[in-house]
Amino acid sequence: AQLHTLALAAGLEYFGTATDNIELSDAALVTALSNLTEFGQITPGNSQKWDSIEPSPNTFSFEKGDAITALGAKNSQLLRCHTLVWFQQLPVWVQNGTWTNATLTAALKNHITTTMTHYKGQCYAWDVVNEALESDGSFRESVFFKTMGESYIKIAFDTAAATDPDVKLYYNDFSIENPGPKATGALNIVKSLKASGTKIDGVGLQAHFIVGSTPSKAVQIKNLESFTALGVEVAYTELDIRMTLPSTAALDAQQTTDYENTVAACVQVTNCIGVTVWDFSDKYSWVPSTFPGTGSALPFDENLVRKSAYFGIVAGL
Ligand code: XIL
């Protein structure tokens with residue numbers, strides 16, 4: 001059996017993948033992506049980010065996002081919508097605007113309300129706030145934090161909940177996959193939102209891992225359970241496991257184990273509900289351009305052939 005089929009049998013809600021608009025003109029890729037036994041969920045890699053959706057004030061551009069959501073609808077795939085409030089891939093008018101608390105609050109609310117209204121009924125989950133934390137667990141000095149303080153997170157979630165009460169609302173971040181100051185910071189975001197009566201349904205752990213330094217299964221389970229103990233669900237939302245190139249048999253074997261352990265950790269935690277890889281073919285991975293000298297991070301190679309890593313995922317499901 002294949003990944004989404006196995007995930008369902010293991011009690012997850014989906015196994016999924018990110019994709020991006022450029023990939024839609026690659027017929028072989030689209031065929032592989034559209035295989036519902038393999039991928040029951042998709043995430044747009046870029047086309048629902050603020051710079052794509054609202055490039056100038058109150059001018060919205062949904063075409064690229066819609067191309068991905070239409071494919072998901074055609075394939076009967078769940079959609080993780082990504083992302084409403086993030087410090088990166090912001091248009092210049094937001095990043096470099098002259099803001100007051102009141103004007104940025106209004107712009108943030110308008111962005112969330114308009115975007116979520118457009119996609120209402122199409123998204124299974126929204127990543128409402130992405131990457132609000134520094135590695136020491138303190139808040140990142142984004143334009144939102146600098147202008148609005150910590151309250152921008154609550155305002156974002158409250159606006160999202162008011163716009164679409166039926167979609168799951170997630171906080172999403174990286175390097176929160178093992179216990180430590182940053183995971184504690186994310187736990188504190190959940191606690192403080194819940195304490196103030198704000199709806200938050202889940203925490204997305206991105207899981208951009210490195211071969212050989214992926215946290216062990218036991219550590220991942222303990223960490224996932226620290227979140228679910230607060231009454232939220234969790235998911236691995238952007239899984240990839242990169243290696244220093246060139247790949248070797250030893251690196252491939254370690255990567256296979258790392259994939260197995262990560263997926264198995266999610267399966268073993270009640271309320272870890274799904275796993276998404278950050279694209280599935282090395283042909284379209286963000287890794288080589290972002291972390292030069294590394295790559296081969298995904299379960300399918302550039303020719304869409306299943307790698308050893310794929311069978312690590314199979315073993316973990
Ligand atoms: C990445 C995309 O994959 C790239 O194509 C883009 O150039 C930069 O963003 N964390 C996230 C994702 O939440 O949105 C990022 O996606 C990867 C890191």
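The values are calculated or read from the model by the stated rules, or taken from the named source; none is laboratory data. This structure is a prediction, so every number in the text was calculated from the model and none was measured. Neighbour counts run over all protein chains shown; Cβ positions are idealised from the backbone, glycine included. For the accessible areas, the whole protein counts, side chains as well, though only heavy atoms, and no ligand, DNA or RNA atoms are used. Shrake-Rupley method; radii C 1.70, N 1.55, O 1.52, S 1.80 Å.
At a 1.4 Å probe radius, which order do HIS118, HIS4 fall into by accessible area, largest first?
HIS118, HIS4
Computed from label points 7 Å out along Cα-Cβ, the spacing between PHE60 and LEU24 is 1.8 nm. Between LYS74 and ASN303, the contour length at 0.36 nm per residue exceeds the Cα-Cα span by 80.0 nm. In this calculation the C-beta distance from THR248 to ALA9 is compared with R0 = 35 Å, giving a FRET efficiency of 0.60. How high is the relative contact order of the chain, in percent, with contacts defined as C-alpha pairs under 8 Å that are six or more residues apart? Rounded, it is 16 percent for the chain. The heavy atoms of TRP86 present about 30 square angstrom of accessible area, all protein chains included, probe 1.4 Å.
Qualifying GluC sites (Glu not before Pro) in segment 91-141, where qualification requires a DSSP coil assignment and no more than 14 other C-beta atoms within 10 Å, comprise GLU134, GLU141.
Report, to the nearest 10°, how far helix 217-228 tilts away from the longest principal axis of the Cα atoms in the chain, using its own Cα long axis and a range of 0 to 90°. Computed tilt is about 30 degrees.
Compared with the alpha-carbon gap, the fully stretched path from ALA195 to ALA106 is longer by 29.6 nm at 0.36 nm per residue. With only Cα atoms counted, segment 208-317 has Rg and Dmax values of 13.7, 43 Å. Amide H contacts under 5 Å for GLU302: ASP282, LYS283, restricted to partners 5 or more places along the chain or on a different chain, H placed in the peptide plane at 1.01 Å from N. Pairs from the table (LYS182/LYS217; LYS49/LYS182; LYS168/LYS199) lying more than 21 angstrom apart at Cα are LYS49/LYS182. How far, in degrees from 0 to 90, does helix 63-75 lean away from the longest principal axis of the Cα atoms of the chain, to the nearest 10? For helix 63-75, the angle is close to 50 degrees. Per-residue surface analysis assigns LYS120 an accessible area of about 110 Å², computed on protein heavy atoms at 1.4 Å probe radius.
Express the carbon and sulfur contribution to the solvent-accessible surface of segment 1-63 as a percent, rounded to the nearest whole number, probe 1.4 angstrom. The C+S portion of the solvent-accessible surface of segment 1-63 is 58 percent.
ASP51 exposes around 60 Å² of accessible area when a 1.4 Å probe is run over every protein chain in place. Excluding ligands, DNA and RNA, the accessible surface per residue across segment 178-262 is 38 Å² with a 1.4 Å probe. Per atom type, segment 152-303 shows carbon and sulfur on 55% of its accessible surface, probed at 1.4 Å. What share of the DSSP beta bridges in segment 117-247 is antiparallel, in percent to the nearest 5? Counting DSSP beta bridges with both partners in segment 117-247, the antiparallel share is about 5 percent. DSSP beta bridges confined to the chain are antiparallel in about 15 percent of cases.
Add +1 for every Lys or Arg and -1 for every Asp or Glu among the other residues with Cβ under 12 Å from the Cβ of LEU251, and state the total.
0
The amide H of THR294, built 1.01 Å from its N in the peptide plane, has LEU245 as neighbours under 5 Å, considering only residues 5 or more places off or on other chains.
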